[in-house]
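For reference, the structure is listed below as structure tokens.
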Amino acid sequence: MAEPKVKYDRQLRIWGDQGQAALEKSSICLLNCGPTGSETLKNLVLGGIGSITVVDGSKVDEGDLGNNFLVDEASLGKSKAKCVCSFLQELNDAVKAKFVEESPETLIETNPSFFSQFTLVVATQLVEYSMIKLDRICREANVILIFARSYGLTGFFRISVKEHDVIESKPEHFLDDLRLNNPWPELKRFADDIDLNVQDPVVHKHIPYVVILVKMADEWAKSHGGRLPSTREEKKEFKDLLKAGMVAQDEDNYKEAIDSSFKVFALRGISTELQQILNDSSAEVDSNSSDFWVLVAALKDFITNEGGGETPLEGSIPDMTSSTEQYVKLQNIYHAKAEADFLAIEHLVRSTLKKIGRDPNSIPRSTIKSFCKNARKLKVCRYRLIEDEFNAPNLPDLQKYLTDEDSSIAMGIYILLRAADRFAANYNSFPGQFDSAMDEDIPRLKSTAISLLNDLGCNGATLAEDLINEMCRFGAAELHAVAALVGGIASQEVIKLITKQFVPMSGTFIFNGIDHKSQLLSL
């Protein structure tokens, strides 16, 4: 068996040892192992998830051979859960795999405590009634739940968890934490000791752009009543001053300063989003508070006092044109400030834990250090109960989605998926499941969908006739191509949730394979 660091080399570059360790400790339960569920688990097993439990009471039939790569002809008539488990184990023998030959709907009804043993439950192809019941069970057990469904050329995905906190959100684009417009004393002293008018051209072209911007921002503020450039004209004037400081056309450091001047124009202090987290009622901690909120409470104290309105410094600087000596000195100044801020936060965390009656050392230093480094990028994701979304969606948004040209098809698919479940409850089959009943099923599905819209407060709303016909034509079939896409999305979001890295999807995701589009609905 290959060493984990070799086996998972590429993904370790994305979420690191800590993320991989979280995956290997996790336990996943899959409900229904048709193509959607199998594709989801396949991706997670290859990624090195700790253990899986597959729940499915059905037997493999000929239909499964055409859409599920994890069964073969030798599997016909055998337990689908057992066969899928066996094939998955072949993909990665480090993953522990179990199966339960029972209908997920029966398990939800008769043994709700079964789900409390898992880190996360992936529920595929469940109808609305079972989704609502399972959601309540998982919320009470504090287990993360995701729903995934493929239905003909359409797909549905949704996360359900009371709260999910992310420290390492890893945004694609985020401003470097350089404090060019609010330098601390050590950085200002370092900049003050460097002369921008030095006569040596070699020295001049190796002054770090950070120093150039700190000094120029300070000069600007002194001549503008303490203000930094804010209007378009002022920003242009500031850039012109930088250009005027160049003594040769090949001075890359000044070009870097001009390109990075927007970092000076950024607002000081913290973002509105971070302020909302600090103002959240959960930041008033007690003995039952999570580690995340204890860290937030300490951060709030730091920003108010030691931080002077700023988060702890991240401590890294980008590559830039500079002499080696000055770059190393600058790097050390940033590292020293970040370390001092970390120690201040650590002290506040230990004090907070002691104050609420918990072990002061219960939060590891590595966690506090990661929190400090990512303090500007914290995310708190909260999800409604799916029952609340189904029974009382945000009506203005719902009406907007139904009438907006860009979202009406996605909203129509959402309504018709729910209508199909009502249809199945009333007629004991999904619309279009039997060719002989197709002509009857189309008006029945339309009537069911209109009734659902009326129940939601959208009286008079209609859906496209072509879309209703297509949903009937699908006959609730799981097509492998759609299942692979939905399963890929589901497994990606599972990894985000378990590693607590990157920001998971919020809202209800709808895939429209008819037009090759997707939409995230906030209901």
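The values are calculated or read from the model by the stated rules, or taken from the named source; none is laboratory data. Here the structure is a predicted model, which is why all the values come from computation and not from measurement. So basically every Cβ, Gly included, is an ideal-geometry build from the backbone, and we count neighbours across all protein chains shown. Calculation scope for accessible area: heavy atoms of the full protein, side chains included, ligands and nucleic acids excluded. Shrake-Rupley method; radii C 1.70, N 1.55, O 1.52, S 1.80 Å.
Annotations for the structure displayed:
- Using a probe of 1.4 angstrom and keeping all protein chains present, the accessible surface of segment 77-116 works out to 53 square angstrom per residue.
- Share antiparallel - DSSP beta bridges, the chain, percent rounded to 5: 50 percent
- Close amide H pairs (under 5 Å, H built 1.01 Å from N) link residue 59 with 80, residues at least 5 positions away or on another chain.
- Segment 322-383, accessible surface, carbon-and-sulfur percent (1.4 angstrom probe): 53 percent
- Within the accessible surface of segment 390-523, defined with a 1.4 Å probe on protein heavy atoms only, the carbon and sulfur portion equals 48 percent.
- Sum of side-chain charges, residue 198 neighbourhood, beta-carbon under 13 Å (Lys, Arg +1; Asp, Glu -1): -2
- Rg over Rh, two decimals, segment 87-174 (C-alpha only, Kirkwood Rh): 1.03
- Based on Cα contacts under 8 Å between residues 6+ apart, the chain shows a relative contact order of 21 percent.
- Modelled FRET efficiency - R0 22 Å, residue 387 with residue 162, Cβ distances, 0.05 increments: 0.95
- Note on residue 15: accessible area approximately 40 square angstrom, rounded to 10, probe 1.4 Å, nucleic acids and ligands left out.
- The computed Kirkwood radius over Cα pairs in Å for the structure shown corresponds, within (1) 26.7; (2) 28.7; (3) 27.8, to (1).
- Per residue value of the accessible surface for segment 389-517 (all protein chains in place, 1.4 Å probe), Å²: 45 Å²
- Take 46-52, 483-489, 391-397 and order them by the average number of nearby Cβ atoms within 10 Å per residue, most first; the result is 483-489, 46-52, 391-397.
- Spin-label model, residue 74/residue 281: points 7 Å from Cα along the beta carbon direction are separated by 5.9 nm.
- Take every Cα pair under 8 Å whose residues are at least 6 apart in sequence, average their separation, divide by the length of segment 361-464, and the relative contact order is 23 percent.
- Å² of accessible area per residue within segment 162-204, as computed with a 1.4 Å probe and no ligands counted: 59 Å²
- Using a cutoff of 8 angstrom between alpha carbon atoms and counting only pairs six or more residues apart, the relative contact order for segment 199-334 works out to 31 percent.
- For peptides 53-66, 411-424, 201-214, sequence by mean Cβ density within 10 Å, most packed first: 411-424, 201-214, 53-66
- Rounded to the nearest 10 Å², the accessible area of residue 273 at probe 1.4 Å: 90 Å²
- Largest to smallest accessible area among 473, 232, 227 [probe 1.4 Å]: 232, 473, 227
- Legend: calculated FRET efficiency, residue 223 to residue 466, from the Cβ-Cβ distance at R0 = 56 Å, rounded to 0.05, equals 0.25.
- Environment charge of residue 469, counting only residues whose C-beta is closer than 12 Å and scoring Lys/Arg +1, Asp/Glu -1: -3
- Local charge for residue 209 was computed over the other residues whose Cβ lies under 12 Å away, with Lys and Arg +1 and Asp and Glu -1, and equals -2.
- Accessible area of segment 88-169 belonging to carbon and sulfur atoms, whole % at 1.4 Å probe: 49 percent
- Nitroxide proxy distance, nm - points 7 Å out along Cα→Cβ at residue 230 and residue 199: 4.2 nm
- Helical runs assigned H by DSSP (4 residues or longer) give the chain a calculated mean residue ellipticity at 222 nm of -16000 deg cm²/dmol, each run adding -39500 (n - 2.57) before division by the residue total.
- Positive-end extreme of charge dipole, segment 77-198 - chosen from 92, 148, 127 (charges on Cβ): 127
- Selection from 6, 267, 19, by position along the positive dipole direction of the chain (Cβ): 267
- For residue 154, the solvent-accessible surface with a 1.4 Å probe is about 0 Å², rounded to the nearest 10.
- Computed packing ranks the peptides 216-226, 134-144 as 134-144, 216-226, most packed first, by mean other Cβ atoms within 10 Å.
- Calculated log₁₀ intensity ratio I(q)/I(0) where the Debye formula runs over C-alpha points of segment 232-339, q = 0.14, 0.15 Å⁻¹: -0.79, -0.86
- Rounded D (µm²/s) - segment 376-523, Kirkwood Rh over Cα pairs, Stokes-Einstein at 4 °C, 1.567 mPa s: 78 µm²/s
- Computed 3J(HN,Hα) for segment 388-401, one whole-Hz value per residue from the Karplus formula 6.51 cos²θ - 1.76 cosθ + 1.60 where θ = phi - 60°, is 5, 5, 5, 8, 9, x, 5, 4, x, 5, 4, 5, 5, 4, glycine and proline marked x.
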